[in-house]
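Sharing a structure, written as structure tokens. Questions coming.
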Amino acid sequence: MNILRFIYCENIELKNIQDPEVLKLLILADELNIKQLISYIQEYLIEHQIEFLQQNPIDIIETIYQHESFTNLRDFWLEKICEVPEILFYSDKFIELKAPLLELLIKRDDLNMDEIEIWEGLLKWCFSQQNVINDPTKWSESLQRFIPLIRFYDIESADFFYKVHCHKEILPQDLIHNLLEFHLVPNMEPKSNVALSSRLKFNSALIKSKHILLKFASWIDRKDSSYNKYDNPYKFKLLYRSDRDGFNNGAFHKNCDDKGATIWIAKIQGYVNNAALVIYCDTFEGPSMGELDCADSNEWTYRATYNDYLNINIPETFIIEHYEVFQVKIY
């Protein structure tokens with residue numbers, strides 16, 4: 001009925017249709033090669049039905065890849081999964097994902113997961129495919145196609161020892177040898193014939209762990225306990241790095257103006273790091289917080305006049321080694 005309405009009236013109210021039915025309608029439009037409707041439904045799903053897509057990640061991605069014409073939805077959904085891979089990798093149905101689709105995801109440089117998490121997810125998937133418990137060597141058939149895609153050199157030494165080396169019987173022996181050499185020999189470079197380029201990371205010089213970002217998310221909502229990676233409502237995008245973009249106000253405004261909510265973090269010379277929320281922004285200065293003035297250099301000043309904040313016990317003039325600005329968005 002909806003298809004007929006569109007054919008004769010070129011109009012259809014998708015908001016009045018249940019989400020699963022919208023997807024079925026898209027499939028039917030593809031079978032009938034109604035290109036205008038295919039484009040319209042894809043745009044609607046992308047703009048209005050993110051929650052539905054996230055609730056059904058396995059079914060959605062498999063449906064999308066069965067239909068070549070769903071280009072916009074496929075590109076969007078792949079980017080979304082790579083941006084927030086937990087919606088798929090921690091889904092109860094993850095083990096049902098078909099091997100070609102898992103391979104497609106692990107190949108991507110923008111998959112936003114620590115390499116050890118990807119490795120553990122892969123082991124979980126392989127284990128379920130082989131349906132064996134006590135004989136990991138039987139996993140190798142499922143695992144072999146994925147081994148060249150894992151950035152083993154990006155895995156921390158402790159994780160390598162406890163979570164990778166213990167599975168050495170299912171990995172190529174030359175790879176295990178090279179990895180042991182890399183982790184044990186000082187200044188040893190990865191072997192060029194097996195090393196992959198690192199995935200696109202958060203790229204912060206100050207934030208080395210995603211767990212710190214969960215703390216920031218909790219502070220934003222004034223939670224006593226920290227969010228975890230499953231319930232965190234915020235994503236953080238690095239906008240500005242002083243070591244990359246320069247200690248000057250022009251670069252700050254170019255990268256950070258009109259970006260909505262932001263936080264910035266500064267490392268003070270002589271300290272480890274210090275974080276604070278951005279409250280306002282002045283055209284002629286960098287990020288500002290109360291009486292903290294950020295000059296067009298790395299020499300900043302702070303006047304504890306109590307007009308805006310209580311004294312936060314830092315000197316009036318100090319040197320900033322490095323600072324970064326992050327955009328904060330709701331998923």
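One residue is enough: does the stretch 151-167 have a residue meeting the conditions surrounded by fewer than 17 Cβ atoms within 10 Å (Cβ to Cβ), basic (Lys, Arg), in a helix (DSSP H, G or I) and modelled with pLDDT of 90 or more?
Yes, the stretch 151-167 has at least one match.
Return the residues of the stretch 1-33 that are crowded, with 18+ Cβ neighbours inside 10 Å and modelled with pLDDT of 75 or more; say none if nothing qualifies.
22, 23, 25, 26, 29, 30
Let me ask something else. How about the stretch 217-316: which strands (runs of 3 or more DSSP E) wholly inside it have at least 2 residues that are under 26 Å from the mean Cα position of the chain (by Cα) and at pLDDT 65 or above?
234-241, 262-268
Among the residues of the stretch 61-112, write down those that are under 28 Å from residue 40 (Cβ atoms), part of a helix (DSSP H, G or I) and aliphatic (A, V, I, L, M).
Of everything in the stretch 61-112, those that are under 28 Å from residue 40 (Cβ atoms), part of a helix (DSSP H, G or I) and aliphatic (A, V, I, L, M) turn out to be 61, 64, 73, 78, 81, 87, 88, 101, 104, 105.
The values are calculated or read from the model by the stated rules, or taken from the named source; none is laboratory data. Bear in mind the structure is a predicted one, so any value in this text is a computation, not a measurement. Backbone-built Cβ (ideal geometry, glycine too); neighbour counts: all protein chains shown.
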